[in-house]
Each structure stands twice: as structure tokens, then as C-alpha cells.
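Asker: Attaching a single structure in C-alpha cells format; questions to follow.
The values are calculated or read from the model by the stated rules, or taken from the named source; none is laboratory data. Note that the coordinates shown come from a computational prediction; the quantities given were computed from them, not determined experimentally. Glycine also receives a Cβ, built like all others from the backbone with ideal geometry; neighbour counts cover every protein chain displayed.
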Amino acid sequence: MRAATLFVATFLLASPAMADHHHEQWWDFLVGNWTYENDFGSGEIVKGELKFSRIPSGKVLVGEWKDSDGTTAHETSGWQPDRKVLHITGYTSDDGYWQIELSKIGEESLEGTHRGAMADGTSYEGEIVLTKTGEHAWTWEFTGKTGEGTDLEMSGKVDRTKGDIRRRSLQSVQN
């Protein structure tokens, strides 16, 4: 996880009144099992598996990340209705963390601010965009600076697992 990750951003941006509805659609889309390839700015691709689930009340989305090297991360995502913001906080097993506030909530993308620190202690802050790229895929892109003022770009490509695609197909047929 080496620091950041997760979701979200800008294509079709909704009005504030519609934002309540679109974050629920995003959560429905994200629930399930995924694989990812992330680049945290070094050019090295970090691969892993990701699972999103809702807690029983349905008001929080939980993400569990596991890199191929065994590094893990957990994040929680919650809607702040008074601010119309989707807030995400994550922590990694190698001492990284991230905080994301998504204020532009659209059907196809999410956009907001992203800050955190990588395992080596490098802090960063900037903008993040998550975009649905298909029925079973999405990407994220970060553009910002490190705490030292160096430009930083990070990105990720996330695909639903084949088993999860089959499971979702069976569920839709049964409904």
C-alpha cells in the first residue's frame, strides 16, 4: 500500500442534491472483490487484492487491501450528509496512511482532496479522481506534491475478479 490509494473522481459531476444518491451507487458498485495495479510515484507497479464490504448498518464502506508483498491496509469510508462529502481514512501495516475527502460525486467519477504519508515518511497532498472505466473496472489518479514540494503523480487500475463478476451475474439473474 505504500501510502495512498483508493478511489475516486471527475466526469459527470452531480448537483449537491444528487450527491447523496450517487455515493450510494458508488458503494453498490465497489462492494466485492478486486485486483489492482498501483503506482505510487516510483514507476514500480504494486499488485494486490482488494475487498470492499458494507458494515451491517449499510452506512460505512470498508476496504481491505493486500499487496503481493504482504503489506495490508484497511480503510473506512463514510458519508457526511451535512457537508455533502464522502470521507475516507486508511492505514497500512507499514505505517502509511491516507485521508480523502470527495466533494464532487458523479455517476461515473468522484473528485476531491487526498493527503497522507507513505511508509518511508514522505508526506503528500493533492487532488484525486476516481473514474469508472467499465461495469467491472475503475481507475484512480492523484496529482499533487510531497511535503518537500516535489511534484508527485500516483495512479491505479482496479478490476473486479472473475469470480465476483460471475457471482454478481448470478445475483442479477435471481433478482
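Asker: When residues of the range 87-109 are filtered for being of a type outside the set (Ser, Thr, Tyr), at pLDDT 95 or above and part of a strand (DSSP E or B), how many remain?
Answerer: Number satisfying all stated conditions: 9.
Asker: If you don't mind, there's one more thing I want to ask. Identify, by number, the condition in (1) more than 18 Å from the chain's Cα centre (by Cα); (2) in contact (Cβ under 8 Å) with a residue 60 or more places away in the chain; (3) under 19 Å from ILE45 (Cα atoms) that SER93 doesn't meet.
Answerer: (1)
Asker: State the number of residues belonging to the range 83-130 that are closer than 17 Å to GLY63 by Cβ, surrounded by 19 or more Cβ atoms within 10 Å (Cβ to Cβ) and polar (S, T, N, Q).
Answerer: 1
Asker: Has the range 51-67 got at least one residue that is more than 14 Å from the chain's Cα centre (by Cα) and at pLDDT 95 or above?
Answerer: Yes, the range 51-67 contains a residue that is more than 14 Å from the chain's Cα centre (by Cα) and at pLDDT 95 or above.
Asker: Pairs only if they're at least six apart or on different chains, beta carbon under 8 angstrom, first in the range 109-123 and free of Cβ contacts under 8 Å to residues at least 60 places away in the same chain, second aromatic (Phe, Trp, Tyr) and in a strand (DSSP E or B); list them, first residue then second.
Answerer: Every condition considered, the pairs that remain are ARG115/TRP98; ARG115/TYR124.
Asker: Moving on to the next point. Condition first: free of Cβ contacts under 8 Å to residues at least 60 places away in the same chain, out of contact with any Pro (no Cβ under 8 Å at 6 or more places or on another chain) and within 17 Å of GLY32 (Cβ to Cβ). Can you find one or more residues in the range 125-134 that meet it? Reasoning before the result, please.
Answerer: Residues of the range 125-134 that are free of Cβ contacts under 8 Å to residues at least 60 places away in the same chain, as a first pass: 125-127, 133-134.
In the following step, the residues that additionally are out of contact with any Pro (no Cβ under 8 Å at 6 or more places or on another chain) were identified as 125-127, 133-134.
Okay, now just the ones that are also within 17 Å of GLY32 (Cβ to Cβ), so 133-134.
Within the range 125-134 (the criterion being free of Cβ contacts under 8 Å to residues at least 60 places away in the same chain, out of contact with any Pro (no Cβ under 8 Å at 6 or more places or on another chain) and within 17 Å of GLY32 (Cβ to Cβ)), the answer is yes, since at least one residue qualifies.
Asker: Of all residues in the range 110-135, which are over 14 Å from the mean Cα position of the chain (by Cα) and either not in a strand (DSSP E or B) or not polar (S, T, N, Q) (or both)?
Answerer: Narrowing the range 110-135 to residues over 14 Å from the mean Cα position of the chain (by Cα): 117-126, 134-135.
Correct list: ALA117, MET118, ALA119, ASP120, GLY121, THR122, TYR124, GLU125, GLY126, GLY134, GLU135.
Asker: Identify all residues within the range 28-48 that are surrounded by fewer than 19 Cβ atoms within 10 Å (Cβ to Cβ), without any contact (Cβ under 8 Å) to a residue 60 or more places away in the chain and either farther than 30 Å from ASP151 by Cα or in contact with a strand residue (DSSP E or B) (Cβ under 8 Å, 6 or more places away or on another chain) (or both); write none if there are none.
Answerer: Step one: of the range 28-48, the residues surrounded by fewer than 19 Cβ atoms within 10 Å (Cβ to Cβ) are 28-29, 31-33, 35, 37, 39, 42-45, 47.
This time we only want the ones that are without any contact (Cβ under 8 Å) to a residue 60 or more places away in the chain, so: 28, 31, 42-45, 47.
Result: ASP28, VAL31, ILE45, LYS47.
Asker: Ok, one more. Against the definition (surrounded by 22 or more Cβ atoms within 10 Å (Cβ to Cβ), of a type in the set (S, T, N, Q) and in contact (Cβ under 8 Å) with a residue 60 or more places away in the chain), how does THR161 come out, yes or no?
Answerer: Details: surrounded by 22 or more Cβ atoms within 10 Å (Cβ to Cβ): no; of a type in the set (S, T, N, Q): yes; in contact (Cβ under 8 Å) with a residue 60 or more places away in the chain: yes.
Spelling it out, it is not the case that THR161 is surrounded by 22 or more Cβ atoms within 10 Å (Cβ to Cβ), of a type in the set (S, T, N, Q) and in contact (Cβ under 8 Å) with a residue 60 or more places away in the chain.
Asker: Moving to a separate point now. Restricting attention to the range 42-71, which residues are under 17 Å from ASP95 (Cβ atoms) and not polar (S, T, N, Q)?
Answerer: Answer for the range 42-71, where residues must be under 17 Å from ASP95 (Cβ atoms) and not polar (S, T, N, Q): VAL46, TRP65, LYS66, ASP67, ASP69, GLY70.
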